[in-house]
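One structure is given below, encoded as structure tokens.
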Amino acid sequence: MHIRWLEDFVCLAEAGSLARAAELRNVTPPAFGRRMQAVEVWAGAPLIDRSVFPVRLTAEGRQFLEAAQSALHTLEETRLALRAAHRVDASTVVIATGKTLSRSLVPVWLAGLRQALRHDPVAAGFRTRLSTFAMHDAMAMFTEGDADFLLCYSPPDLPVRLDEARYQFHPVGVERLVCVAAADAAGGPCFRLPGRGRSAPVPTIAYAETLTMGRMVNEEIARRKLAGRLDVVAVCDFAESVHEMVRQRMGLAWLPARLIADDLHAGRLVRADIGSVAEAGTEGGQQGSQQGGTRDLVLQIRLYRPRAPMRPLAEAFWRAATA
């Protein structure tokens with residue numbers, strides 16, 4: 001039993017709707033529904049009456065809700081006590097982020113901030129602690145006060161939802177998802193996105209639908225009516241795994257341009273979307289090359305902070321990041 005499943009269940013009980021609870025928990029409704037089914041399997045009894053709207057808990061569900069709330073309350077009290085005893089020292093900035101951003105953006109970005117703050121009397125020589133999680137867990141760490149900042153992707157059609165009265169953000173850049181495949185002997189892609197004509201399904205590496213990139217890619221596939229012409233040979237919840245599978249010629253995939261910049265420059269990976277010849281940049285406007293109806297998928301990268309005043313080091317870090 002995952003703790004987040006208990007939190008999901010409590011959220012459903014409060015929201016009264018699977019769709020609303022999924023939105024509040026920042027997952028897709030199908031993924032949320034599977035989590036609730038897993039909770040019921042674990043509990044060994046039906047907990048949710050899905051025959052009515054809004055959904056309601058069964059008698060067993062109400063009993064389970066009391067136990068879930070009690071368990072979460074006990075865990076939270078223990079966590080806060082432990083956290084109080086082991087607070088990060090005043091010279092450390094804590095950033096909650098994702099695994100891909102921690103590799104593709106953070107090192108260069110953070111090096112620039114350290115340089116900008118080298119003479120600041122408050123922030124000179126500051127330390128950084130990166131805590132990398134899936135999107136939902138990174139948001140939870142930030143909103144519960146365990147991180148000074150949240151650094152995350154925010155796609156245009158599926159923006160991050162945080163209470164605007166409590167949090168603010170600054171865009172620190174954009175990331176482009178580029179459809180690529182390994183290069184063949186002639187320097188072209190060994191797999192291409194299928195055109196309008198009939199062809200055999202193209203091997204594809206997909207992201208888990210719980211990931212921001214996964215939902216964005218799935219929307220693009222649906223928009224271009226490609227689902228029936230792609231053969232998903234693997235599903236990953238880690239962009240670096242997708243990257244390596246593409247390098248091993250298992251299929252094509254949409255990958256962050258920052259992550260694959262060296263491979264694109266060296267020609268080990270090449271664009272796999274038909275008609276597009278321009279290389280993807282890592283900054284710029286909302287779309288890449290659009291020959292033949294293709295385009296890069298653009299995600300904004302946001303740095304979030306609380307609106308309430310923070311400690312001096314965190315405020316100095318924010319000023320440098322937004323300068």
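What follows draws every value from the coordinates through simple rules; no lab data is involved. No experiment lies behind these values; they were computed from the predicted model shown. With ideal geometry, Cβ positions are generated from the backbone for all residues, glycine too; neighbour counts draw on all protein chains shown.
Considering only ALA140, LEU47, LEU130, and ranking their Cα positions along the charge dipole of the chain that arises from unit charges at the beta-carbon of Lys, Arg, Asp and Glu, the one farthest toward the positive end is LEU130. Considering only LEU82, ALA71, TRP5, and ranking their Cα positions along the charge dipole of segment 3-85 that arises from unit charges at the beta-carbon of Lys, Arg, Asp and Glu, the one farthest toward the positive end is TRP5. Per-residue ellipticity at 222 nm from helix content only, as computed over the chain with -39500 (n - 2.57) for each DSSP H run of at least four residues, stands at -12000 deg cm²/dmol. Sorting 43-50, 258-265, 222-229 by average packing, meaning the other beta carbons within 10 Å per residue, from highest down gives 258-265, 43-50, 222-229.
Full extension of the segment from THR132 to ALA81, taken as 0.36 nm per residue of separation minus the current Cα-Cα distance, would add 16.1 nm. The orientation-averaged projected area of the convex hull spanned by the Cα atoms of segment 3-85 comes to 5.6 nm². Sites counted here are GluC sites (Glu not before Pro) in a DSSP loop (not H, G, I, E or B) having no more than 11 other Cβ atoms within 10 Å; the longest part of the chain that contains none of them is 1-163. Here the chain is treated with +1 on each Lys and Arg Cβ and -1 on each Asp and Glu Cβ, and its dipole about the Cα centre works out to around 600 debye.
Length available on full extension from ARG311 to SER51: 0.36 nm per residue minus the Cα-Cα distance, which gives 88.6 nm. If you take the Cα centroid of segment 303-320 and the Cα centroid of segment 36-110, the two points sit 26 Å apart. When only the Cβ of Lys, Arg, Asp and Glu is charged (+1, +1, -1, -1), the dipole of segment 70-174 relative to its Cα centre reaches about 440 debye. Placing +1 on the Cβ of every Lys and Arg and -1 on the Cβ of every Asp and Glu, with nothing else charged, gives segment 3-85 a dipole about its Cα centre of roughly 220 debye.
Between the beta carbons of THR92 and ALA124, assuming R0 = 22 Å, the FRET efficiency works out to 0.95 to the nearest 0.05.
Ranking THR322, CYS190, ALA257 by how far each Cα lies toward the positive end of the dipole of the chain (charges on Cβ) leaves CYS190 at the top. 3J(HN,Hα) along segment 206-211, derived from phi through the Karplus expression 6.51 cos²θ - 1.76 cosθ + 1.60 where θ = phi - 60°, amounts to 10, 9, 4, 5, 6, 7 Hz, with x in place of Gly and Pro.
Residues whose amide H comes within less than 5 Å of that of VAL94, counting only those at least five positions distant or on another chain, are ARG129, ASP148, PHE149 (H built at 1.01 Å from N in the peptide plane).
For the chain, the Cα gyration tensor yields ellipsoid semi-axes of 36, 31, 15 Å (square root of five times each eigenvalue, largest first, whole Å). Using the Karplus relation 6.51 cos²θ - 1.76 cosθ + 1.60 with θ = phi - 60°, the per-residue 3J(HN,Hα) values for segment 240-257 come to 5, 5, 4, 4, 5, 5, 5, 4, 7, 6, 7, x, 9, 6, 8, 10, x, 4 Hz, with x marking Gly and Pro.
At what distance in angstrom do the alpha carbon centres of segment 214-239 and segment 12-35 lie from each other? Computed from Cα coordinates, the inter-centre distance equals 22 Å.
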